[in-house]
Structures are given as C-alpha cells and as structure tokens.
Amino acid sequence: MFEEVTTPRDLIGLARQRRAASWRAEADVLAIAYEWAIAHPAGEDGWNAAAFHHPLGDEPISGDGTPEVAASCVAELGAALGVSTDAAKKLIGHAIEMVHRLPRVWRRVQAGEVPVWRARLVAEATIHRDPALSPEAMAWIDAQVAPFLEKIGRAQMERILAQAIELYGLAAQEPPRDEDNDGRYVHIHTPIGPFAGSMRIEAEVSNADGHDLTQALAAGAAALKAGGSTASLDVRRSVALGELARQQTSLDLAGAEAEGDDGGEGSAGTVAGTADGSMQRKARRVDLHLHFSAEVQPDGTTGINPIGFLENGQKLALLSQVQSWINDSHTDVRILPVIDLNTQLSTSRYEPTDRIRRQVMLRDRTCVFPWCTRPARSCDLDHVEPFDHDAAAEGRPQPGPTATDNLAALCRSHHRLKTHTGWRLTSPASGVFEWTSPHGQRFRRDRHGTSDLTDGDESVHAVGQLCPT
C-alpha cells in the first residue's frame, strides 16, 4: 500500500487523498439512502410511513413537509450497510431533510467539501426541533450554516436554531408556572462506561423538599461515621441516599403504595406493622438480571468469573459488587433456577412456559434480526416455523412446535417485518438464525453476532457483536 511513499510529504498527500475518498464514499451512501427512500414512498395518508416509536407517540424521521417513506424498506438498507433498522431510519431521514429543507448543505456534502457527519448533525437538530421550524426559518438556517459547515459544532448549532426561532416568531408561549408545572424533575442517568458501578442522579426539588432531604442525608452520613465509616462525606451522603430509598424512613408514606412509574422491573414496597404499632415500609424489591459463568482456574479448579453481565443497562458487573448488594440487610435476594441453555425444552401449548421464555431470552440476549440490539427481555417470542393451531384437533404432527429450537426473540417491529413482508427466517440449529431479505441478501445471526452471507461473505461485523457472557 505504501510502496510509493518515500517521504513524509508523500505520506501527508496520501492521507489527504484517503480523506477525500472517505468523504466521497460517505456522500455516495447518503445519496443512495435518499434514492432508496424515494423509490419506496409511504402509502396514501402515510399509513405505513417509517417513524420512531416512543411510549408517548410516533416521531417522524424527517421534518415537516418532506416525503414519507415506507417503513418496510428501511430494514433492507440497514442490513446492507451493517447497521440497525433505527440507524438506517436516521440515515434516510437525514438525507431527506438535507435534500428538501437544507439544499445548500446537501450540495456541499455531495461536492465532497465537508464530512457527512457534520451535515447530519445539522439535519438531526432541525428535524426534531420543538417548535417545528417553518420553511422560511429552514431557508435562513441553511444559508447561515452551509458556508461554515466544517466549523459548526453542537453549541453553535443550538445558538443558530434559537436565533431562527426568535427571528420568525416560532417560540411557543410558556404555560403558566403553577404547583404542578414549576420546573421540578428527577433524572436518573444511564451509567456510562463498561461497568455498572454507579449512577448519576440529577434533580430540582422544592425548597421544603430540598431542606428535608439535606437534613436526612446529613443525619445518615453522621450515623455512618458514628458507626465507624471512614469514607468521605460525599460517599457517606451517597450511601445515606440509598438507605433512604430502601428503608423509606424519613420519606415514609405510611400506608400508601409506591407508584412504580419509573419503568423498571420490580414490585412496589409493602407496608408492615412494627412492635410499637407504627407503620414501616419494607424495602422495594428490584430485579437485577446478572450472569456469571464458571470457568477453569489456572490451578485446575472451577471457579466463578469475577466479571459478569448485568442485563439492566447492558453493563458489566463485578462479583464483588454483587456480594456487597447481598450483604446489605435490606436487599431482597432472589435466585432463579439455573437454566441449561443446551437443553431442549418444549410444551404442547402455543404460549411458551416461563422456563422456556427465560431460556430463549438468555440464549438470544437481543432481538435476532441482523444487527438489532434491543434486549430480548423486551422482545416477543416468535415461532420460526408457524404454530398450527388445528394440528392437534386434526391428528396431525405439529409443524411449528413451541420448543427452544423453534423460538426466536424478535422486537415488535422486526416481528411484524417477518410476518408481513418478504423477509424469510430459518433456524438450522438452536440459537442460529438465517435471514433472507426480499432483495436476496443473506445473513446469519447467532450468539457471536451478525454474519453477512451475501455473495459468500461470512465475516462478522464488530457492530453486530453481542455483549460477552
């Protein structure tokens, strides 16, 4: 590759050539995404339009006034590019946004003058802006951003958007602040990094609640120090906050059931009587799904790997962390039976048993569609070969048994894709799934990730790797 490179100047020149070729290739992929989208329009009234699905409603993939795209076409492009269906939706949405609402930005990208990622940053910001940007505001933003696209960052983009909203009178009138709408919130942030050692909590509370919480944490930190803790004040306050959550001492609701609206698994705390007749809330049970594997140690004995996998948040966890959770007197520990993933389980019913469901979820870990990463615990269990509900009554063998080797974890969108479109799924072995797309692409999905079998290419793409056991 570098035979003709003889001087540092030649090496710099080669780097510039490769950068230009990379920008050109990315711009071509963006143009292909747009042409693919235009070739697959949504039906009348947008009944099958691609969208991002959220609990509070659907969100379009591109801005107001842009063409809608058939949802069924997105997975084919995503599979070809080796990305998830949601990532393909973003790519298509950004391409449509640029062509129809940011034409100056689009021209600079297609001329190879700027990297695609900078243009996509602008498109992402304009698509999901609230309030929605009018055509006049979009034209102004396009004119402001395009000449300086190689210098635009997130902070500057936010300032330009805010200026456009002010210039064109798009600012929504803020509702009056009252007792139920005064800016209070609590955010529990997903841990960043490979290990699930800690989480960040951010909140704004009323003065009264803040004062009470401060006093409770100070008292808890003091009690820990009196008990012999040598940790810093910040650490002791953090531990005291966890104790408040478990014991509900200072914040006891005395008989009220916990709302449980945080979306996590677990059962609400219950209320029990104490010796003096007062009410005390028991600790809430939270289910953490942990996986630790046994392995042969250097001395030939079998031991537990000190690093395991925590399904909640898709993080790694240390065995020492789990031991500290168990040693906590307020932790409700529940150990489920070990399930051998190599055992074939089955039932004559259509609905899988709880044991079969757990086994398939543990085996698949995520939705088994190519490059999808949605956790299996939130997926449907689909019969690879359809279950025949009339087979037993008519005395015929069941062609699609409810058995380990005939079940696959599929998220709802890919379940619908398999059922209602031309995607075909087979399972040559338990936990191994082979997909064929409507346009003839072939993929294998197993515990190691996604392999592209189209034209004999069986290389495993790193983006499709599953988390380690």
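The values are calculated or read from the model by the stated rules, or taken from the named source; none is laboratory data. As the structure is a computational prediction, the values presented were derived from the model and not from experiment. Glycine also receives a Cβ, built like all others from the backbone with ideal geometry; neighbour counts cover every protein chain displayed.
Just wondering, is there one or more residues in the stretch 35-57 that are touching a residue at least 40 places away in the same chain (Cβ under 8 Å) and in contact with a Leu (Cβ under 9 Å, 6 or more places away or on another chain)? Yes, the conditions are met somewhere in the stretch 35-57.
If you check Trp23, Trp36, which single one turns out to be farther than 19 Å from Glu76 by Cβ and surrounded by 12 or more Cβ atoms within 10 Å (Cβ to Cβ)?
Exactly one residue qualifies, and that residue is Trp23.
Of the residues making up the stretch 135-166, those that are under 21 Å from His100 (Cβ atoms), surrounded by fewer than 16 Cβ atoms within 10 Å (Cβ to Cβ) and in contact with an Asp or Glu (Cβ under 9 Å, 6 or more places away or on another chain) number 1. The residues of the stretch 203-244 that are outside any helix (DSSP H, G or I) and at pLDDT below 85, listed by number, are Val205, Ser206. Quick one: is Asp28 at positive phi, of a type outside the set (Val, Ile, Thr) and either buried (at least 17 other Cβ atoms within 10 Å of the Cβ) or part of a helix (DSSP H, G or I) (or both)? For Asp28, the condition - at positive phi, of a type outside the set (Val, Ile, Thr) and either buried (at least 17 other Cβ atoms within 10 Å of the Cβ) or part of a helix (DSSP H, G or I) (or both) - is not met. When Ala137 is tested against (1) farther than 24 Å from Ala51 by Cα; (2) aliphatic (A, V, I, L, M); (3) in contact with a helix residue (DSSP H, G or I) (Cβ under 9 Å, 6 or more places away or on another chain), exactly one condition is not met: (1). Checking each residue in the stretch 382-425 for being hydroxyl-bearing (Ser, Thr, Tyr), outside any helix (DSSP H, G or I) and under 26 Å from the mean Cα position of the chain (by Cα) picks out only Thr421. Quick check on the stretch 183-190. Is at least one of its residues closer than 27 Å to Ser320 by Cα, at pLDDT below 85 and out of contact with any strand residue (DSSP E or B) (no Cβ under 6 Å at 6 or more places or on another chain)? Looking for residues that are closer than 27 Å to Ser320 by Cα, at pLDDT below 85 and out of contact with any strand residue (DSSP E or B) (no Cβ under 6 Å at 6 or more places or on another chain), one finds at least one in the stretch 183-190, hence yes. Out of the residues in the stretch 52-92 that are among the acidic types (Asp, Glu) and under 17 Å from the mean Cα position of the chain (by Cα), state the one that is nearest to Val29 (Cα to Cα). If we take residues in the stretch 52-92 being among the acidic types (Asp, Glu) and under 17 Å from the mean Cα position of the chain (by Cα), then Asp86 is nearest to Val29 (Cα to Cα). A residue that is polar (S, T, N, Q), touching a residue at least 12 places away in the same chain (Cβ under 8 Å) and touching a Leu at 6+ places or on another chain (Cβ under 8 Å) cannot be found anywhere in the stretch 446-454.
Test of understanding: among Leu81, Leu14, Leu56, which residue is modelled with pLDDT of 95 or more, out of contact with any Lys or Arg (no Cβ under 9 Å at 6 or more places or on another chain) and surrounded by fewer than 21 Cβ atoms within 10 Å (Cβ to Cβ)? Steps first, answer last, please.
Values: Leu14 fails: modelled with pLDDT of 95 or more; Leu56 fails: modelled with pLDDT of 95 or more.
Criteria check complete, one pass: Leu81.
Out of all the residues in the stretch 95-102, is one or more farther than 19 Å from Ala132 by Cβ and out of contact with any Lys or Arg (no Cβ under 6 Å at 6 or more places or on another chain)? Yes, because at least one residue in the stretch 95-102 is farther than 19 Å from Ala132 by Cβ and out of contact with any Lys or Arg (no Cβ under 6 Å at 6 or more places or on another chain).
Just the residues that are over 8 Å from Cys411 (Cα atoms) and in a loop (DSSP other than H, G, I, E, B), please, taken from the stretch 357-381. The answer is Arg365, Val368, Phe369, Pro370, Trp371, Cys372, Thr373.
Considering each of Thr454, Thr419, Thr436 in turn, give the residue that is farther than 16 Å from Leu345 by Cα, modelled with pLDDT under 95 and in contact with a strand residue (DSSP E or B) (Cβ under 7 Å, 6 or more places away or on another chain).
On the way: Thr419 fails: in contact with a strand residue (DSSP E or B) (Cβ under 7 Å, 6 or more places away or on another chain); Thr436 fails: modelled with pLDDT under 95.
None of the others qualify; the one that does is Thr454.
Could you list, in sequence order, all residues of the stretch 31-78 that are in a strand (DSSP E or B) and either more than 26 Å from Thr436 (Cα to Cα) or among the small types (Gly, Ala, Ser) (or both)? Break it down stepwise before answering.
Step one: list which residues in the stretch 31-78 are in a strand (DSSP E or B), which gives 41, 49, 51-54, 57-60, 69-70.
Passing the criteria: Ala49, Ala51, His54, Gly57, Asp58, Glu59, Pro60, Ala70.
Given the options Val5, Val116, Val74, name the one that is in contact with a Leu (Cβ under 7 Å, 6 or more places away or on another chain) and modelled with pLDDT of 95 or more.
Details: Val5 fails: modelled with pLDDT of 95 or more; Val74 fails: in contact with a Leu (Cβ under 7 Å, 6 or more places away or on another chain).
Every option except Val116 fails the conditions.
If you go through the stretch 119-170 and pick out every residue that is within 31 Å of the chain's Cα centre (by Cα) and over 18 Å from His94 (Cα atoms), you end up with 8.
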